[in-house]
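Before any comments, here is the structure.
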Amino acid sequence: MWGIAASIFLFPVPAVRHIGSTKVDTIQQAFGEAIKATRIKQHLTQDQLGALVGVQKAQISKIESGKSITYATIVKVFKALGATTASMDLGHLGRVVLW
């Protein structure tokens with residue numbers, strides 16, 4: 001479940017036991033889902049979010065599907081959505097502040 005409190009976004013990452021691309025794919029999908037859910041909650045289209053971020057709709061679609069996500073992209077997109085701070089919930093490992 002995604003939660004928003006003030007301007008702080010919390011990202012729960014699904015528990016992953018394998019090391020390798022499967023883990024990375026799962027984390028990227030979690031970020032993509034969070035971005036999509038936040039965009040929809042703010043009543044933005046992919047075109048509108050793309051304009052805020054400075055990319056085309058196709059790039060937003062890739063990001064939301066968990067493809068083409070880098071840390072820089074995550075920061076850029078969530079700042080465009082109004083996030084001033086962000087953290088990622090790593091379950092039993094604790095929470096990590098992203099920015």
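Annotations
- Considering residues of the stretch 57-85 that are more than 10 Å from the chain's Cα centre (by Cα) and aliphatic (A, V, I, L, M) only, the residue farthest from Arg39 (Cα to Cα): Ala72
- Residues in the stretch 32-70 that are closer than 19 Å to Ser87 by Cα and at pLDDT below 85: 2 in all.
- Here the condition is being polar (S, T, N, Q), more than 18 Å from Gln29 (Cβ to Cβ) and free of Cβ contacts under 8 Å to residues at least 12 places away in the same chain; of Gln42, Gln48, it holds for Gln48 alone.
- Matching residues, the stretch 48-99, being exposed (fewer than 13 other Cβ atoms within 10 Å of the Cβ) and part of a helix (DSSP H, G or I): Ala58, Tyr71, Ala72, Gly91, His92, Leu93
The values are calculated or read from the model by the stated rules, or taken from the named source; none is laboratory data. Fair warning: this is a prediction, and the values are worked out from it, not measured in the lab. So basically every Cβ, Gly included, is an ideal-geometry build from the backbone, and we count neighbours across all protein chains shown.
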